[in-house]
Structures are given as structure tokens and as C-alpha cells.
Amino acid sequence: MLILFDIDGTLLRTQRAGVRAVGDAGRELFGTEFKEDLIDYAGGLDPVLFRNVLKAHGLPYETAHIDQLRAAYRRHLERRLNDSPVAIALPGVPELLDALTPHEHITLGLLTGNFPETGALKLTAAGIDVERFDVRVWGCDSPHEEAIREHLPPVAVDRYHDLHGVRLDYARVTIIGDTIHDVRCAKAHGCRALAVATGGHDRAQLDASDADLVVEDLSHTQGLLEWLMNPRPTVPTT
């Protein structure tokens with residue numbers, strides 16, 4: 001069984017330090033008029049978000065500009081996370097991870113839009129060890145030029161196979177995220193979707209999605225553990 005967590009809005013919150021660091025990086029590279037708030041970041045893949053924010057400013061979104069922005073973003077994000085600690089694990093996250101870890105038939109993973117280096121910075125700042133996730137799929141891991149989130153679950157299944165030597169059925173994969181994009185990504189491949197209303201989309205939006213389960217947060221550890229481990233789960237009691 002493979003359980004894949006999104007990062008921002010699902011495992012942790014950074015008080016928009018990531019978005020602000022995009023602005024810092026853009027202003028460093030392209031001038032003081034660069035604004036980070038011209039696009040929607042919820043559920044996006046960092047390479048696509050960077051392309052979109054450059055496009056919104058009329059800047060060419062060629063590889064060199066993306067690479068420059070990525071490097072500057074990492075520096076500014078690290079500074080923001082270190083200078084004014086804002087990253088926190090969301091309710092129930094440490095407890096749920098601790099409850100899942102001892103079960104040998106469960107592999108924990110990440111499926112996130114973050115670049116690996118900046119996703120790891122956020123996790124570390126929130127007190128979450130990236131190494132506890134044996135399968136890690138990042139926003140730059142799509143094998144297609146026009147990347148979308150739906151490309152990532154097959155990458156996760158391939159990495160599970162590389163790790164365990166077993167080709168996992170998608171029905172044994174659960175994706176946990178805070179946006180309708182996470183739900184769509186899961187359902188495109190027949191994975192289970194657990195939507196948590198702690199981030200990009202509110203409870204009403206998530207309730208209207210095709211999620212198998214929607215929760216306010218991840219704090220009901222025992223009920224969620226039972227749901228995640230049950231191949232034909234019922235809604236956990238609180």
C-alpha cells in the first residue's frame with residue numbers, strides 16, 4: 001500500500017513564505033515591478049507556476065529563465081524560513097505519520113508540486129523529516145513537456161516498483177491533498193483520494209469534488225488510520 005502526501009496545505013503551512021520568495025526572486029532577477037500574486041498557486045507544479053508567472057509579466061519562459069528563477073527562489077525561501085520561522089506542521093500530521101510508519105505493508109510517499117530542494121526546505125523547517133517518505137515525486141518529475149499533476153501518480157508507482165520489486169495496483173494508492181487538483185490527479189488513475197480542508201480549497205469545494213473522503217484536518221488519527229488501512233473503508237468516526 002502506498003500513501004502519498006502533498007506538502008503545502010496538507011502536511012504544513014508556511015504562511016505564504018513560498019509565494020513571497022517567488023516575488024523576492026523575481027524582483028532580484030527582473031526588477032522591482034515583478035509581482036508574485038498574478039497567478040493562482042493552489043495545486044500547481046513549480047515548473048508550470050514559474051512559467052505562468054513569467055508569462056504574466058511578459059517575460060520569455062525559456063529554460064534559462066526558469067533555472068535562474070528556481071535558484072533564486074531557493075535562496076530566498078531558505079532565508080525567509082530561517083530568518084522568521086513560519087513553517088508549521090498542520091494539525092494531526094506528526095501523529096498520523098507516526099501512526100502509519102510502523103506498518104510494514106504501508107509505504108509513505110510525497111506527491112507534490114514542489115521542486116525537491118525547496119520542498120525539502122519546507123519539510124525540514126516544519127520539523128518533518130523528508131527521509132521518512134520512501135517514495136518522493138516532485139513537481140519537476142513529469143515525463144512530458146507540458147506537465148500536469150496527473151502525470152505524477154505513474155511516476156510514484158514506478159518508484160514503488162523500483163523500491164519493492166512489486167507493481168502496485170492503483171487501487172492500493174491513496175493520495176492525500178488539500179485541493180481539487182489532488183483529487184483529480186488521484187481519480188485519473190483510480191487511486192483513492194483523501195481531501196483535507198487545511199489549504200488551497202475550502203470544505204465546500206472539496207465536498208463537491210470526487211474525493212473518497214473529505215476531512216477538516218488530519219487530527220483524528222485512529223479513524224484516519226483505520227480508513228487508510230481498510231481497502232473498503234467506511235467514513236471514520238470522530
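The values are calculated or read from the model by the stated rules, or taken from the named source; none is laboratory data. Just so we're clear, the structure is a prediction, and the values are computed from it rather than from any experiment. Every residue, glycine as well, gets a Cβ built from its backbone with ideal geometry; the counts of neighbours run over all protein chains shown. Surface accessibility is based on the protein's heavy atoms, side chains included, excluding ligands, DNA and RNA. Shrake-Rupley method; radii C 1.70, N 1.55, O 1.52, S 1.80 Å.
May I ask you to list the residues in segment 100-129 that are touching a residue at least 12 places away in the same chain (Cβ under 8 Å), part of a helix (DSSP H, G or I) and more than 12 Å from the chain's Cα centre (by Cα)?
Across segment 100-129, the qualifying residues are Leu100, Glu117, Leu121, Ala125.
Take the conditions touching a helix residue (DSSP H, G or I) at 6+ places or on another chain (Cβ under 8 Å), of a type in the set (D, E, K, R) and crowded, with 21+ Cβ neighbours inside 10 Å and apply them to Arg70. Does it pass?
Answer is no for this residue.
In segment 130-151, which residue that is outside any helix (DSSP H, G or I) and among the β-branched types (Val, Ile, Thr) is farthest from Pro94 (Cα to Cα)?
So, considering only residues that are outside any helix (DSSP H, G or I) and among the β-branched types (Val, Ile, Thr), the one farthest from Pro94 (Cα to Cα) is Ile148.
From (1) modelled with pLDDT of 95 or more; (2) more than 23 Å from Leu110 (Cβ to Cβ); (3) touching a Gly at 6+ places or on another chain (Cβ under 9 Å), pick out the condition that doesn't hold for Gln222.
Unmet condition: (3).
Could you please find all residues in segment 75-127 being open to solvent by 10 Å² or more (accessible area, probe 1.4 Å) and among the β-branched types (Val, Ile, Thr)?
Val86, Ile88, Thr101, Ile106, Thr124
Would segment 152-164 turn up any residue that is touching an Asp or Glu at 6+ places or on another chain (Cβ under 9 Å), assigned to a loop (DSSP other than H, G, I, E, B), hydroxyl-bearing (Ser, Thr, Tyr) and buried (at least 18 other Cβ atoms within 10 Å of the Cβ)?
Looking through segment 152-164, none of the residues is touching an Asp or Glu at 6+ places or on another chain (Cβ under 9 Å), assigned to a loop (DSSP other than H, G, I, E, B), hydroxyl-bearing (Ser, Thr, Tyr) and buried (at least 18 other Cβ atoms within 10 Å of the Cβ).
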